[in-house]
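This report concerns only the one structure given below.
The values are calculated or read from the model by the stated rules, or taken from the named source; none is laboratory data. As the structure is a computational prediction, the values presented were derived from the model and not from experiment. Cβ placement follows ideal geometry from the backbone for every residue including glycine, while neighbour counts extend to all protein chains displayed. To get the accessible areas, we keep the full protein, side chains included, count just its heavy atoms, and leave off ligands, DNA and RNA. Shrake-Rupley method; radii C 1.70, N 1.55, O 1.52, S 1.80 Å.
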Amino acid sequence: MESFVAFFDLSEAEWVAVGLSLRIAAVATLCSLPFGLIVALVLARGRFWGRGVLDGLVHLPLILPPVVTGYLLLILFGRRGFFGEPLDQIFGVTLAFRWTGAALACAVMGFPLMVRAMRLSIEAVDRRLEDAASTLGAGPVWVFLTVTLPLCLPGFLAGMVLSFAKAMGEFGATITFVSNIPGETQTLASAIYGFLQVPGGDGPAVRLVILSVILSMGALLVSELLTQRARRRQS
């Protein structure tokens with residue numbers, strides 16, 4: 001028993017990787033939430049030319065190799081990138097090789113999962129309920145807050161948790177865009193990769209693998225509990 005407990009006694013470097021992964025995943029999920037909601041509404045309710053193109057662009061990170069996505073982020077948001085250079089010169093914001101860049105990469109990779117879950121939940125709402133609220137004098141914003149949002153809440157929660165779980169396990173785009181810098185950009189996935197490259201790193205790698213599985217399953221269980229609670233409120 002003591003050997004089992006000692007095996008899961010994480011080192012300082014491992015705890016730093018765990019904490020950084022949680023912070024990056026949380027920031028990525030929260031920052032992409034408003035954009036995901038807007039895009040989901042546009043795709044679910046909008047009827048315009050180019051809707052299919054927008055849908056394809058949103059889902060592109062799921063199809064492209066993660067390394068390609070990371071390289072595109074490096075081109076766009078690097079110090080000499082199309083967006084990265086003005087951000088650096090005007091606002092003093094540097095994303096490449098920073099933990100904020102890791103959050104951006106995780107947000108991009110998890111964005112399609114968030115949008116898809118939200119879009120499906122919005123499309124499942126009975127439009128007659130929204131029309132009834134409109135006939136009673138409610139404006140579009142109030143209809144969304146009082147009718148659409150409560151009905152879509154389980155889907156929104158599912159989208160957020162899927163995005164969070166994807167961010168926790170993201171590797172390819174992150175290591176391409178921000179590298180594997182201990183204490184700055186070394187997440188759980190990149191820490192596991194790093195430990196596997198050195199002699200005697202199997203033990204720490206196994207610990208982090210088990211921990212990542214526990215965290216992912218915990219996120220899914222929390223999502224299920226929140227979804228059930230939201231459904232009970234609706235019934």
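Summary of values
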| item | result |
| --- | --- |
| Proximal charge balance of Glu184 [Cβ under 12 Å; K/R count +1, D/E count -1] | +2 |
| Cα gyration tensor, the stretch 167-226 - rounded (a/c under 1.5), prolate or oblate | oblate |
| Carbon plus sulfur fraction of accessible area for the stretch 170-209, probe 1.4 Å, in percent | 62 percent |
| Measure of compaction for the stretch 44-165 (Cα Rg per 2.2 N^0.38 Å) | 1.35 |
| For the stretch 15-116, convex hull of alpha carbons as volume per residue, Å³ | 117 Å³ |
| Estimated dipole of the stretch 35-166 in Debye, rounded to 20 [Cβ of Lys and Arg +1, of Asp and Glu -1, Cα centre] | 180 debye |
| Highest-MSF residue in the chain out of Ser179, Ser134, Ser32 [GNM, Cα springs under 10 Å] | Ser134 |
| Backbone HN-Hα couplings from phi across the stretch 187-204 [Karplus 6.51/-1.76/1.60, Hz, Gly and Pro as x] | 8, 4, 5, 6, 5, 4, 4, x, 5, 6, 8, 10, x, x, x, 5, x, x |
| Dipole moment magnitude, nearest 20 debye, the chain about Cα centre, only Lys, Arg, Asp, Glu C-beta charged | 880 debye |
| Whole-percent carbon and sulfur share, accessible surface of the stretch 37-118, 1.4 Å | 72 percent |
| Mean separation of Cα contacts under 8 Å, 6 or more apart, over the residue count of the chain: relative contact order % | 29 percent |
| Angle between the chain longest axis and helix 99-123 axis [Cα atoms, degrees, rounded to 10] | 30 degrees |
| Per residue solvent-accessible surface (Å²) - the chain, probe of 1.4 Å | 56 Å² |
| For the chain, calculated [θ]222 nm from helices alone, where every DSSP H run of n ≥ 4 adds -39500 (n - 2.57) | -24500 deg cm²/dmol |
| Between helix 51-63 and the chain: long-axis angle, C-alpha atoms, 0 to 90°, nearest 10 | 20 degrees |
| At R0 = 41 Å, FRET efficiency that the Cβ-Cβ distance of Leu220 and Leu87 yields, to 0.05 | 0.75 |
| Cα long-axis angle, helix 66-77 against the chain (0 to 90 degrees, to the nearest 10) | 80 degrees |
| Solvent exposure, largest accessible area first (probe 1.4 Å, DNA, RNA and ligands not counted), of Phe164, Phe48 | Phe48, Phe164 |
| The stretch 192-213 versus the stretch 35-68: alpha-carbon centroid distance in Å | 35 Å |
| Dipole of the chain [Lys/Arg +1, Asp/Glu -1 at C-beta], most positive-end residue of Ala173, Leu54, Ala17 | Leu54 |
